[in-house]
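Quick notes on the structure that follows.
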Amino acid sequence: MAWITTDRAEIFLIFTSWMSKLIITNSKRNMFNLILFGPPGAGKGTQAVKIAEKFNWVHISTGDILRAEVGQGTPLGIQVKTVMEAGHLVSDELLIEIMKSVFLKHEHAEGFVFDGFPRTLNQAQELDKMLCRLNHSVKQVLSLEVDEDELVKRLLKRAMEQGRTDDTEEVIKNRLVQYHAHTKPLQQYYREKGIYTEVHGVGGINDIFESLCKAIKK
Ligand code: AMP
């Protein structure tokens, strides 16, 4: 039986040294994790693409990931289709699994711009844990401030242009209700961590982009 113990000890040593190498490599890298926060229609997607391009970060839109699954008719897509079409939130469990595979896929990223994630306190806490395991953290949360009338106007316009089935008036109302009930409370969570900043989200795309870039404390 002694050989089993020795083998296990060796495997354990190899595994811990590999884990510590991964953690050391990761912690040496100055990875920047930015959350673009705000209600549906605030312009997170548009601005996240521009920010990711400028800083060479990876743009993660959970809405885009889920829409692609629905479009391809995968088992996950079939599971979430009706929830999304009703303007409700997909379960935290599924979102956390999605984020885990995102981190595995982008092991060498210099940074992430999260767009549409986290949307619940549970997701925010899980994101902290995932980043903490890699010796990283959320560096900043930038919130795009847009009043509700403007949001509804923008979402209805987008529905016409892109034919999104979750942008009918009824569903838009639902999406805003979900935002106020589950996502808006995250402002307080990030305020308490001292990493939350509000940015005016109305005006020209480039002007808003400039305000966001100025607010990023790299
Ligand atoms: P979005 O494009 O970010 O507005 O997301 C579109 C829809 O995808 C949302 O209305 C939700 O049904 C779902 N979704 C996207 N991200 C999340 C998330 N972090 N948590 C739960 N549901 C999400």
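The values are calculated or read from the model by the stated rules, or taken from the named source; none is laboratory data. Just so it is clear, the structure is predicted and the values come from calculations on it, not from any experiment. Don't worry about glycine lacking a Cβ; one is built from the backbone with ideal geometry, like all the others, and counts go over all protein chains shown. Note: accessible area is taken over every heavy atom of the protein model, side chains too, but ligands, DNA and RNA are not part of it. Shrake-Rupley method; radii C 1.70, N 1.55, O 1.52, S 1.80 Å.
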Report the residue, chosen from MET130, MET99, MET160, that carries the largest GNM mean-square fluctuation when the chain is represented by alpha-carbon nodes joined by springs under 10 Å.
MET160
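Near LYS54, within a Cβ-to-Cβ distance under 13 Å, what is the net charge of the other residues, with Lys and Arg +1 and Asp and Glu -1?
Cβ neighbours under 13 Å give a net charge of 0.
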Between LYS193 and GLN72, what is the FRET efficiency for a Förster distance of 35 Å, r being their Cβ-Cβ separation, to the nearest 0.05?
0.45
Per Stokes-Einstein, at 37 °C and 0.692 mPa s, what whole-number D in µm² s⁻¹ belongs to segment 29-77, with the Kirkwood radius over Cα pairs as the hydrodynamic radius?
266 µm²/s
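If a/c stays under 1.5 just call it rounded; otherwise compare a/b with b/c (prolate if a/b is bigger, oblate if not). Do that for segment 151-218, with a ≥ b ≥ c from the square roots of the Cα gyration tensor eigenvalues.
oblate
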Distribution of pairwise C-alpha distances over segment 28-133, 10 Å bins, in %:
14, 46, 35, 5, 0
Accessible area of segment 90-218 with a 1.4 Å probe: how many percent of it is carbon plus sulfur?
52 percent
Heavy-atom accessible area with a 1.4 angstrom probe orders LEU131, LEU156, most exposed first, as LEU156, LEU131
Which of rounded, prolate or oblate describes segment 75-218 when judged by the alpha-carbon gyration tensor and an a/c cut-off of 1.5?
oblate
Based on Cβ point charges of +1 for Lys and Arg and -1 for Asp and Glu, what charge dipole magnitude is obtained for the chain about its Cα centre, in debye rounded to the nearest 20?
660 debye
Would you mind calculating the gained length between VAL152 and SER101 on full extension (0.36 nm times residue separation, minus the Cα-Cα distance), in nm to one decimal?
15.1 nm
Quick one: which residues, 5+ away or cross-chain, put their amide H under 5 Å from the amide H of PHE32? H built at 1.01 Å from N.
GLY111, PHE112
Report the residues of segment 166-198 in range of a label on MET160: point 7 Å along Cα→C-beta, backbone N strictly under 20 Å from it.
166-173
Among 189-196, 141-148, what's the highest-first ranking by average C-beta atoms within 10 angstrom per residue?
141-148, 189-196
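Just to confirm, what accessible area per residue do you get for segment 19-136 at 1.4 Å probe, in whole Å²? Mind showing how you got there, number by number?
On the way: 5620 Å² over 118 residues.
Roughly 48 Å² per residue, with all protein chains present.
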Once Lys and Arg are counted +1 and Asp and Glu -1 for all other residues with Cβ under 12 Å from that of PRO185, the total becomes +2
